[in-house]
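Below is one structure, written out as structure tokens, with a few remarks after it.
The values are calculated or read from the model by the stated rules, or taken from the named source; none is laboratory data. All figures in this text were calculated on a predicted structure; none of them were measured in a lab. Backbone-built Cβ (ideal geometry, glycine too); neighbour counts: all protein chains shown. What goes into the accessible areas is simple: the full protein's heavy atoms, side chains included, and nothing from ligands, DNA or RNA. Shrake-Rupley method; radii C 1.70, N 1.55, O 1.52, S 1.80 Å.
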Amino acid sequence: MAVNVSLVRDTKWLTLEVCREFQRGTCSRSDAECKFAHPSRSCHVENGRVIACFDSLKGRCTRENCKYLHPPPHLKTQLEINGRNNLIQQKTAAAMFAQQMQFMLPGAQLQPI
């Protein structure tokens, strides 16, 4: 018997908190200086958080008026670290799940998708 094991894509690591002062129009820091996001009007903000553009992180977003944040370098670096940590967590969870399935279904061949 074969059991398929796949990683679920988690985009929580791409979210950033929006600067509250920026939302009020009172932030004195530039995008490059503030530790919180300063999204453009085209970005979708929900519950004080904004999702960063994955394509922008890879340097290949070509959308005009992208609804996702194109983060400045210091926030991009933090998102890349978050992404690596998230990937490590997902792989660890998948390995643990596969190990548990092997225990529950002896002889099963687990095939990653």
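Tell me whether the range 12-89 comes out rounded, prolate or oblate; compute the Cα gyration tensor, take square roots of the eigenvalues as a ≥ b ≥ c, and use a/c under 1.5 as the rounded threshold.
prolate
For the range 12-89, what relative contact order do you get, as a whole percent, if you take Cα pairs closer than 8 Å and at least 6 residues apart?
So the answer I get is 34 percent.
Can you work out ³J(HN,Hα) from phi for every residue in the range 12-19, in order, using Karplus 6.51 cos²θ - 1.76 cosθ + 1.60 and θ = phi - 60°, giving whole Hz and x for Gly and Pro?
Ordered by residue, 3J(HN,Hα) equals 4, 5, 8, 8, 10, 6, 7, 5 Hz.
Top to bottom by accessible area (1.4 Å), largest first, where do HIS70, HIS44 land?
HIS44, HIS70
How many nm is it between the label spots at ILE88 and CYS66, if each spot is 7 Å from the Cα in line with the beta carbon?
Going by the 7 Å Cα→Cβ label model, 2.6 nm.
In the range 11-60, what GluC sites (Glu not before Pro) fall in a loop by DSSP, with at most 13 other Cβ atoms inside 10 Å?
GLU33
Can you give the accessible area of ILE51 in Å² (nearest 10), computed on protein heavy atoms with a 1.4 Å probe?
Here the accessible area works out near 70 Å².
Could you pull out every residue, at least 5 positions away or on a different chain, whose amide H is within less than 5 Å of the one on ARG49? Hs are placed 1.01 Å off N in the peptide plane, and Pro or chain starts have none.
HN-HN under 5 Å from ARG49: VAL18.
Set the Förster distance to 22 Å, then compute FRET efficiency between GLN23 and LYS58 from the Cβ-Cβ distance, nearest 0.05.
Given R0 = 22 Å and the Cβ-Cβ separation, E is 0.20.
Roll a 1.4 Å probe over the protein chains and send me the accessible area per residue for the range 12-89 in Å². Walk me through the intermediate numbers first.
Details: 5410 Å² over 78 residues.
On a per-residue basis, the range 12-89 sits at 69 Å².
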